[in-house]
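Okay, so here's the structure we're looking at.
The values are calculated or read from the model by the stated rules, or taken from the named source; none is laboratory data. These numbers come from a predicted model, not from an experiment. Positions of Cβ are backbone-derived with ideal geometry, glycine not excepted, and every protein chain shown enters the neighbour counts. Ligands, DNA and RNA are excluded from the accessible area calculation, which covers all protein heavy atoms including side chains. Shrake-Rupley method; radii C 1.70, N 1.55, O 1.52, S 1.80 Å.
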Amino acid sequence: KYPAGQLPPRLMKRLNGLMWVGLALALVGSIVALMQQTMVFFNASPQQVISGGLWQVVRIGSRFGDVWNARLVLLGLVAGIHAATLYYSSRSPRAVRPLWAAQTPLLALVVGASSINSHAAGSLIWPWVAVFVHWLHTLSVAFWVGGAAALALVLAVALRPYEGPARADALAAVMRRFSRLMVGAVALVITSGIYNALNWFFTPADLATNYGTSMGLKLLMVLILLAIGGLHHLALHPERLAALQAGP
């Protein structure tokens, strides 16, 4: 019924908007990262970095710059492919879904590029394994948090034609499918996070460092998200909520 993306036009319009906003934010984030790296490298102010062209030195003369350039190329490819989905939406609508799918591995590589310049690259134990696990960790967080944000922004448009019980049934079907995907993502986040932490925490005293404090705050946020996920699970399974309320 809807060959262009296999979704109604109202949904494709919302998804296209989210995609362009995401690409714009990725570009802005990359520029800010380059500026920050240059400021640290030269101990310079933002004005000095821009007026003196110092950012170009980092961009073409460092490993950070090499990875940054590759990341921008990948973002450019994704933007080009996404523009092609809009071009072919009326000319060859069945090409839209494959083109959307082709963006997924490219965006996974964009996320992986940030892992190459992360703290994982400095691991004293199998640094390339640490980089790979960090990539899985970041990718899982992207699916978890990014998926939840995208779903929240799309659901209102998706459910617009439904009312009453039909709306509740449609929402439940979507959330059950999303929950199954997120269980895998959360499992990867936790296991890869434990591995990443073990690369840096060797004694209890290490927990007292700034990195240890950051890790503690991160764990607190994850626990809050897991608690929200638990409430979501009970909302999808009211019989289990009733059993809990009834007690042993």
Is there any pair linking a residue in the range 186-211 that is more than 19 Å from ALA121 (Cα to Cα) to one that is in a helix (DSSP H, G or I) and of a type in the set (A, V, I, L, M), with Cβ under 6 Å and at least six apart or on different chains, and which? LEU188/LEU136
Limited to the range 112-152, what total is found for residues that are within 20 Å of HIS82 (Cβ to Cβ), among the hydrophobic types (A, V, I, L, M, F, W, C) and at pLDDT below 90? 6
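Out of GLY164, GLY146, which single residue is within 29 Å of THR38 (Cα to Cα) and either among the small types (Gly, Ala, Ser) or surrounded by 15 or more Cβ atoms within 10 Å (Cβ to Cβ) (or both)? Before you say what the answer is, go through the steps one by one.
Numbers: GLY164 fails: within 29 Å of THR38 (Cα to Cα).
That would be GLY146, the only listed residue that is within 29 Å of THR38 (Cα to Cα) and either among the small types (Gly, Ala, Ser) or surrounded by 15 or more Cβ atoms within 10 Å (Cβ to Cβ) (or both).
Could you tell me whether any residue of the range 27-49 is closer than 30 Å to GLN6 by Cα, touching a helix residue (DSSP H, G or I) at 6+ places or on another chain (Cβ under 8 Å) and assigned to a helix (DSSP H, G or I)?
Here is the first cut: in the range 27-49, the residues closer than 30 Å to GLN6 by Cα are 27.
From the residues that got through so far, the ones that are touching a helix residue (DSSP H, G or I) at 6+ places or on another chain (Cβ under 8 Å) too are 27.
Pick out the ones that are also assigned to a helix (DSSP H, G or I) and you get 27.
Yes: the range 27-49 contains one or more residues that are closer than 30 Å to GLN6 by Cα, touching a helix residue (DSSP H, G or I) at 6+ places or on another chain (Cβ under 8 Å) and assigned to a helix (DSSP H, G or I).
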Residue list for the range 37-56, restricted to those being exposed (fewer than 14 other Cβ atoms within 10 Å of the Cβ) and within 18 Å of VAL67 (Cα to Cα): VAL40, GLN56
Residue pairs qualifying under the 7 Å Cβ cut-off, at least six apart or on distinct chains, with the first in the range 118-133 being closer than 13 Å to TRP200 by Cβ and the second being outside any helix (DSSP H, G or I) and open to solvent by less than 80 Å² (accessible area, probe 1.4 Å), are SER123/ASN199; ILE125/ASN199; ALA130/SER123; ALA130/ASN199
Checking the conditions here, which among TYR87, TYR2 is among the hydroxyl-bearing types (Ser, Thr, Tyr), in contact with a Pro (Cβ under 9 Å, 6 or more places away or on another chain) and open to solvent by 40 Å² or more (accessible area, probe 1.4 Å)? TYR2
For the range 5-26, how many residues meet the condition of being within 14 Å of LEU86 (Cα to Cα), part of a helix (DSSP H, G or I) and open to solvent by less than 60 Å² (accessible area, probe 1.4 Å)? 7
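Select from the range 200-218 the residues that are open to solvent by 100 Å² or more (accessible area, probe 1.4 Å) and part of a helix (DSSP H, G or I) and write down the one among them that is nearest to ALA170 (Cα to Cα).
LEU217
From the list ALA197, ALA172, ALA185, exactly one residue is open to solvent by less than 60 Å² (accessible area, probe 1.4 Å) and in contact with a Phe, Trp or Tyr (Cβ under 6 Å, 6 or more places away or on another chain). Which is it? Don't jump to the end; show me each part of the working.
On the way: ALA197 fails: in contact with a Phe, Trp or Tyr (Cβ under 6 Å, 6 or more places away or on another chain); ALA172 fails: in contact with a Phe, Trp or Tyr (Cβ under 6 Å, 6 or more places away or on another chain).
Result: ALA185 is the single residue among ALA197, ALA172, ALA185 that is open to solvent by less than 60 Å² (accessible area, probe 1.4 Å) and in contact with a Phe, Trp or Tyr (Cβ under 6 Å, 6 or more places away or on another chain).
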